[in-house]
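Asker: The structure under discussion is supplied below as structure tokens; questions concerning it will follow.
Values quoted throughout were computed directly from the atomic coordinates according to the rules given, and no laboratory measurement underlies them. Here the structure is a predicted model, which means the values were calculated and not measured. Please note: Cβ atoms are built from the backbone with ideal geometry, for glycine as well, and neighbour counts cover all protein chains shown.
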Amino acid sequence: MNVSEALESRITCRAYTDQPVEAEKINRILTSAARTPSGGNLQPWHVWAIGGEKLAAFRSIIQEKIVDNPFGDGSTEYDIYPKELSQPYKGRRAKCGEDMYASINVPREDKESRQKHFNRNFDLFGAPAAMFFAIDRQMGVGQWSDLGMYIQSIMLMAREEGLHTAPQEAWALWHKTIGDFLEIPDNLMFFCGMGIGYMDEKAPINSLRTERAEFEEYVKIQGF
């Protein structure tokens, strides 16, 4: 698979098969992703990859807590989205949500079903493996960009291995619980989680392909 094929086929996978992810694939993905560029070669990323009994234990903790705490630990350490999101970004986010719920035939007024689906975030959409990412608190905006590139590298390498992923900033709602479970040092800030596994090709929600803005909306080519 070449890079363009990996980019084109990558989606946020929200339903997986039960097939376990081989340890050697995780090792190859993380080894290759280490070549991600970073300013000054700081390599500011930290990642925990878990599966098997470790992931099962984590799921049990979350499923027990979510009964009384549907929105996690009560706060995040960073704003997942800007508080005053302007257009066109606000509209794009809304359209993504509506298209997602339409793919599984959940209407706007069915709040219970929408909450039930939202809670699937915290089961990693059934993924058999997971990764969690953090960054040193001393790092700035530039290094957060580097972390994003690292996560993108992982997602593209996963496609080469025949796997799909679901990057989830929603896990920031559980940063305290995750920090305790993974024993993340206090000097690191938790960023996001990611489910990883083999996609359930028959699941309707995996038919979703989010729209992309027209080329002219965000590209200015000059001097060519």
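Asker: Using a 10 angstrom cutoff on alpha carbons, build the Gaussian network for the chain and name the most mobile of Asn41, Asn27, Asn206.
Answerer: Highest fluctuation of the listed residues: Asn41.
Asker: Based on alpha-carbon positions alone, could you give the equivalent ellipsoid semi-axes of the range 25-68 from the gyration tensor, as √(5λ), descending, whole Å?
Answerer: For the range 25-68, the semi-axes come out at 31, 15, 6 Å.
Asker: For Lys90, list the lysines whose Cα falls under 26 Å from its own Cα; do not include residues on the same chain fewer than 8 positions away.
Answerer: Lys111, Lys116, Lys220
Asker: A follow-up question, please. So what is the diffusion coefficient of the chain in µm² per second by Stokes-Einstein at 10 °C and 1.306 mPa s, using a Kirkwood Rh over Cα pairs?
Answerer: 84
Asker: Another question about this same structure. Find the all-direction average of the projected area of the Cα convex hull for the range 92-224, expressing the result in square nanometres with one decimal place.
Answerer: 11.4
Asker: Is the C-alpha gyration tensor of the range 117-165 telling us rounded, prolate or oblate? Criteria: a/c under 1.5 is rounded; beyond that, a/b larger than b/c is prolate, otherwise oblate. All intermediate terms of the calculation are to be shown ahead of the outcome.
Answerer: Values: a/c = 2.94, a/b = 1.43, b/c = 2.06.
Taking the square roots of the gyration eigenvalues as a ≥ b ≥ c, the range 117-165 is oblate.
Asker: Give the dimensionless ratio obtained when the Cα radius of gyration of the range 36-126 is divided by 2.2 N^0.38 Å.
Answerer: Values: Rg = 17.3 Å, N = 91, 2.2 N^0.38 = 12.2 Å.
Dividing the Cα Rg of the range 36-126 by 2.2 N^0.38 Å gives 1.42.
Asker: Still on this structure, please answer the following. Relative contact order (percent) for the chain, with alpha-carbon contacts under 8 angstrom and 6 or more residues of separation? Could the numbers behind the result be given before it?
Answerer: Values: 284 pairs, mean separation 88.0, N = 224.
Computed value for the chain: 39 percent relative contact order.
Asker: Going toward the positive end of the dipole of the range 86-224, with +1 on Lys and Arg Cβ and -1 on Asp and Glu Cβ, which of Gly97, Gly195, Ala172 do you reach last?
Answerer: It is Gly97.
Asker: Could you list the GluC sites (Glu not before Pro) in the range 152-224 that lie in coil according to DSSP, counting only those with at most 11 other Cβ atoms within 10 Å of their Cβ?
Answerer: Working: sites: Glu160, Glu161, Glu169, Glu183, Glu201, Glu211, Glu214, Glu216, Glu217; in loops: Glu161, Glu183, Glu201, Glu211, Glu214.
The qualifying sites are Glu183, Glu201, Glu211, Glu214.
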